[in-house]
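Have a look at the structure below, then the notes.
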There are 2 protein chains.
Amino acid sequence: MSASTKLSNSTKALCFLATNRPDPQSSATISRHTGINASKLRRLLSDLAKIDVVTTSKGAAGGYILARDPADIHLQEIYCAVEDRKAFHLDVAALANGETGEGAAVNRYFLELFAEIQVEIEEKMRHLTLASILESISADAPSPSLPGA
Amino acid sequence: MSASTKLSNSTKALCFLATNRPDPQSSATISRHTGINASKLRRLLSDLAKIDVVTTSKGAAGGYILARDPADIHLQEIYCAVEDRKAFHLDVAALANGETGEGAAVNRYFLELFAEIQVEIEEKMRHLTLASILESISADAPSPSLPGA
DNA sequence: CTATATGTTACACAAACTGTAACATATAAA
DNA sequence: TTTATATGTTACAGTTTGTGTAACATATAG
């Protein structure tokens, strides 16, 4: 699926913006530091600007700035902003056309089940903030000042 | 994703076998009643035979028989038998190659998160039996003896 | 031996994703 | 006003992935 890379790429960009707040960072700069294609970054960050996770400014010395405190940004809103089709949208609906009675009932059953799962996933993500992610990754990252490198 | 159709198709076939137990049903017959391609059915049911959800017999008058009581067949084992790659396997691992320290840490973070979600989904499916599904779909299906048709 | 079933492989067609480029638009600064 | 540089959006070729179907080898009951 593609929700994964969009979500992780967005998170990588937002981590970089959190680290360099409040200096605006251009998509080219973020690309240089994360390895993510600049054009792709602009598409992701443009979506995140619409829900006020980042602010953007054009022109020279412009770029992207994290708009809120990392503790007030949670994964669920990033996920919803960046990904139109849900991760578990699962094309059961497409099959629900000319099916016999029992087949259609099974389709409905799974449609409902997957919707439940979808809700649970988003609920889980709603409790994960950018701040908590930053804490997690700085805790276990193989960074400088650690023995063994 | 493809896990959805494989799972729902398998369920449709198993529901049909449950209804007609213990008479063996050929892939052609199941195909006629479910609309699922016979060759695709054979591939699914062949996987389900390996974990003893169905028994198979070749030759004339052969076919597939549900091997266990529907109450002893749960969705999780169907799901795992039929789908090799996990629904939330999400290609973060593929990205974990030549990444800078922080990017790799974010990858690990999501890898762990998605693994957790995967476990929760399977746990949920472990409590759903074929019997409970049959009950659900017969309850809300627009079938005979219901008012309004 | 024959008819008929499963089990497995292969393949053409369609759909989706990826990575990248290109260009229109906006804006700060000279 | 002009210029340099940024975002926002669209397009597109290349690759991967999924789908639907056919074909054939294998096994088995009669």
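The values are calculated or read from the model by the stated rules, or taken from the named source; none is laboratory data. For clarity, every value in this text was computed on a predicted model and none was experimentally measured. Ideal geometry is used to build each Cβ from the backbone, glycine not excepted, and the neighbour counts take in all protein chains shown.
Values as computed for the structure displayed
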{"item": "Close pairs from region A:122-146: first more than 10 Å from chain B (Cβ to nearest Cβ), partner modelled with pLDDT of 90 or more and in a helix (DSSP H, G or I), Cβ under 6 Å, at least 6 apart", "result": "A:122/A:76; A:126/A:76; A:129/A:71; A:130/A:14; A:130/A:70; A:131/A:70; A:131/A:71"}
{"item": "All positions within region A:24-39 that are touching a residue at least 12 places away in the same chain (Cβ under 8 Å), away from DNA strand D (no atom under 12 Å from the Cβ) and out of contact with any Cys (no Cβ under 9 Å at 6 or more places or on another chain)", "result": "A:33, A:36"}
{"item": "Residues (over 18 Å from residue A:130 (Cα atoms) and in contact (Cβ under 8 Å) with a residue 12 or more places away in the chain) located in region A:40-76", "result": "A:40, A:42, A:57, A:61, A:62, A:63"}
{"item": "Scan of region A:50-77 for residues that are among the hydrophobic types (A, V, I, L, M, F, W, C) and on the phi > 0 side of the Ramachandran plot, ordered by number", "result": "A:61"}
{"item": "Residue B:48 touching a strand residue (DSSP E or B) at 6+ places or on another chain (Cβ under 6 Å) and of a type in the set (A, V, I, L, M)", "result": "yes"}
{"item": "Considering residues of region B:17-50 that are away from DNA strand C (no atom under 12 Å from the Cβ) and hydrophobic (A, V, I, L, M, F, W, C) only, the residue modelled with the highest pLDDT", "result": "B:18"}
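A quick yes/no check of all residues on (1) within 14 Å of the chain's Cα centre (by Cα); (2) closer than 17 Å to residue B:82 by Cβ; (3) in a loop (DSSP other than H, G, I, E, B):
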position	(1), (2), (3)
B:15	yes, yes, no
B:22	no, no, yes
B:29	no, no, no
B:32	no, no, no
B:43	yes, yes, no
B:49	yes, yes, no
B:56	no, yes, no
